[in-house]
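Rule-based calculations on the coordinates, nothing more; no lab input. Nothing here was measured: the structure is a model prediction, and the numbers come from that model. Cβ: placed from backbone, ideal geometry, glycine included. Neighbour counts: every protein chain shown.
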Amino acid sequence: MEKETNYLVLEVHNAYAVVLDNSGRFIKAANCGYEVGDTVDSIIPMIYPQDKKKRTNNIIRLAASLAACICLCVFGIYEYQFMYTEYGSVHMQINPEVEITLSRSGRVLDIEGENADGKELVKDYEYKGKDKETVVDELADLAIEQQYLADAGRISIEVDARSDEWAKKMETEITDELNDHLQRQGMAIEITIGPVEDGNDTEDKEILKESQSVTIPIPGTADKTDDSAAESDDDSDDGVTDYSVPSSPSSAQSSSSAPSSAPAQSDSGYDSSGNSPYDSSGNSSYDSNGSSSYSDSSYSSTESSSDDNDDDD
Amino acid sequence: MNAGHELVEQVYAAKTDTEAADSLIRRYMGFIRAETAKYIHRAPVEGQDEELSIVLLAFYEAILGYEKNRGAFLSYASRGIRSRIIDYYRKEKKHAKVTSLHEPVQDDDNETWKINQLENPENEIEKSHHTSATRDEIQEYEKKLQEFGISFSDVADNCPRQERTLQACRRVLSAARENPGLLDELLRTKKLPMAALSEISKTDKKTMERHRKYLVAVLLAFTNGYEIIRGHLYHLTGNRENSDT
């Protein structure tokens, strides 16, 4: 068992005594009536002024280092998010479609080809640690090299992000950079912001045209249609089916002349008893049998059509 | 104003000179007693009131810590004394149940102190012989140190207060003990064989230079003689000598 520390008094002064402990420390301590050669069990050691300063310094140092640690942590997390977490993505369309994932700082985190050409374009491309400007420039170069992009071509840039402001800023920066870069290379490439009208869009348009062409046969009879449409609005419980047909310019032209003959015949051009002005040849596609179930309601249509005439007058 | 300036000069002289410090303290004993009386509410008795010892120590600490820009010395010392006494009372609170040996007790109509009634387990004569022998040895040691121009106060001021530095000094001591020739060289040349000790103990020369006085004192204690002091340093010498003693 280790003995308790005791102190051998070596020198005594008025205010203090020099004592020696068992570990070889020479200590100045309060002289509580000691004499040289005494052995004492407890002392009141002197505190040196430089040690006092050191203690306050230590407290300040500890507080400062703690504050620094907190700052570093907060800043570090922010910086990590700023540098390494996904914030938005750039959709770059040359013909190859490429999606570039960006951090908030504009650092490229990932690149993915969105179509076959895009995948081919970025297959061997090393993007790690590069910023967005370098990557879009190099991808444009790569596209030129692989002959996806030629003079007078077009690149479309679209940025998606949590913040619209940031997305707009990125779009402008990328577009400016690409413009500069391609101009330096002497290429006249149009850089557009937003999605490009691709093949699907044109297909849609064609479909629309087709549907319009289906309605083309209507114009000759469109005046009737208009009347019936007007009538159906006036009188909803007349037993006549409300039937709206898209108007066409030709129907507007004939609308003024049609009412004079139509009321005597029938309320609608869609049913016909053989005398329909819509189909004089009897080949109308709207009616297959000669009798119409709507013929009994002809008077109401006459009324409505005469109303129409009055209005017109 | 002039007296204040003189006092500041004396304080500055006392910072490095222990004699000057002692004489300054003697001169201001009245102030020190008055300061103690503030806390114990009676005149202090020397050698009996621990508060007086603490106020004396605080006064000495104030001498060492005083700077001209800290105002008048006596009010600076007074503040130091106050905080030291507060510290002391805080520590004493922990031992509130301990009674004083100087507590008066009634013994057969005679009033005496508790300490006189306690049975002393040690043989008084033997103890006094031992103390006397220790005192002689310490005086011898002090003389030897003075040959090197070192006093015990110097050694205490030069003693490493950080455990790591103390360990480094202990390494130097063990290196010297393993090579008694180096201790002889120290006695002969009155100089610390710095290069050899540094090489053997793998201690930085700068550290050794900074604690030169302390190292000289410790190495001297391990030269011939000084058995009592060596016996006292059983933590330093390890269990080997501890078991011998």
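Order these peptides, B:177-187, B:53-63, A:5-15, B:18-28, by their mean beta-carbon neighbour count within 10 angstrom, highest first.
Highest mean packing first, the order is B:53-63, A:5-15, B:18-28, B:177-187.
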5 Å is the cut-off here: which amide hydrogens, built 1.01 Å from N in the peptide plane, fall below it relative to A:Leu109, excluding neighbours closer than 5 in sequence? A:Thr101, A:Leu102, A:Ser103
If you take the alpha carbon radius of gyration of the range A:85-199 and divide it by 2.2 N^0.38 Å, what ratio comes out, to two decimals? 0.96
Peptide B:16-25, shielding by other chains (average Cβ, 10 Å cutoff): 2
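Taking each residue of A:46-53 in turn, how many C-beta atoms of other protein chains fall within 10 Å of its C-beta, and what is the average? List each step's numbers first, then the result.
Details: counts 7, 8, 6, 9, 3, 1, 3, 1.
For peptide A:46-53, the averaged partner shielding equals 5.
Sequence gap at least 6, Cα distance under 8 Å: using those rules, report the relative contact order of the range A:85-199 to the nearest whole percent. Don't skip to the end; give the middle numbers.
Numbers: 210 pairs, mean separation 28.9, N = 115.
Dividing the mean separation by the residue count of the range A:85-199 yields 25 percent.
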Ignore the peptide's own chain and count Cβ atoms of other chains within 10 Å of each Cβ in B:151-160; give me the average, rounded. 6
Alpha carbon centre of the range A:21-95 versus the range A:3-17: separation in Å? 32 Å
Which of A:Lys52/B:Lys205; A:Lys119/A:Lys168; B:Lys93/B:Lys144; B:Lys38/B:Lys68 have a Cα-Cα distance over 32 Å? B:Lys93/B:Lys144
